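Coordinate-derived values only; no laboratory data. Predicted, not measured: the structure shown is a model, and the values here were computed from it. Every residue, glycine among them, receives a Cβ derived from its backbone with ideal geometry; neighbour counts consider all protein chains shown.
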Amino acid sequence: MEDVRIDKYLWAIRVFKTRTDAADACKGGKVKVGTVNAKPSRPVQPGDILNVRKGAVTFVYKVIQPTEHRVGAKLVSDFAENLTPQAELDKLRAPVETFFITRDRGAGRPTKKDRREIEQIWDALSEDL
């Protein structure tokens, strides 16, 4: 069987939308095989454990069968097993704590009084957290 590059494999099992994204993640140190950073050209073998960091979540996959052809979403389980812990998956559903203070368009920069009011609101929200 011919070796399959890790960037092609991650693209084929739909971890990344494009192969370029997969290669960039490898170059950026976001893909590890075991505990070792993987270069895009590293071949994958059955049984390899891949750690892929996307944003705040680290996904864990076990290679069942290497493939370099993109497979349908329903067939991914034939080629990779998702071992991602539930705690990591819960980060995807975590609420994002943001708020926006709106100002009228064209109102210009905040005045000193406006800035003080914004700071009071911010302090009140910070105390609640």
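Considering only Gly34, Gly106, Gly72, the mean-square fluctuation computed in a Gaussian network model of the chain, springs between alpha carbons under 10 angstrom, is largest for Gly106.
Over the stretch 4-93, what is the relative contact order in percent, taking alpha-carbon pairs closer than 8 angstrom and at least six residues apart? Walk me through the numbers before you get to the answer.
On the way: 163 pairs, mean separation 25.4, N = 90.
It comes to 28 percent, rounded to a whole number.
Can you pull the Kirkwood radius for the stretch 1-54, inverse mean 1/r over Cα pairs, to one decimal in Å?
On the way: mean 1/r = 0.0929 Å⁻¹.
In the stretch 1-54 this quantity evaluates to 10.8 Å.
A DSSP coil position with no more than 16 other Cβ atoms inside 10 Å describes none of the chymotrypsin sites (Phe, Trp or Tyr not before Pro) in the stretch 17-80.
Percent of Cα-Cα pairs more than 23 Å apart in the stretch 4-93, please. Spell out each step's value before the answer.
Details: 523 of 4005 pairs.
Pairs farther apart than 23 Å: 13 percent.
For Glu2, project a label point 7 Å along Cα to C-beta. Then give me every residue of the stretch 25-67 with its amide nitrogen under 13 Å of that point. Only 67 pass the distance filter.
Loop-located trypsin sites (Lys or Arg not before Pro) across the stretch 13-42 with a Cβ neighbour count of 13 or fewer within 10 Å are Lys17, with loop assigned by DSSP. Partners of Lys62 within straight-line reach, counting aspartates and glutamates whose Cα lies under 14 Å from its Cα and excluding those fewer than 8 residues away in the same chain: Asp48, Asp78, Glu81. Using θ = phi - 60° in the Karplus curve 6.51 cos²θ - 1.76 cosθ + 1.60, the 3J(HN,Hα) couplings for the stretch 24-31 round to 5, 5, 5, 5, x, x, 9, 10 Hz; x is entered for Gly and Pro.
Legend: calculated FRET efficiency, Asp21 to Arg109, from the Cβ-Cβ distance at R0 = 30 Å, rounded to 0.05, equals 0.15.
Note on the chain: helix-only mean residue ellipticity at 222 nm, from DSSP H runs of 4+ residues weighted -39500 (n - 2.57) and normalised by residue number, equals -8500 deg cm²/dmol.
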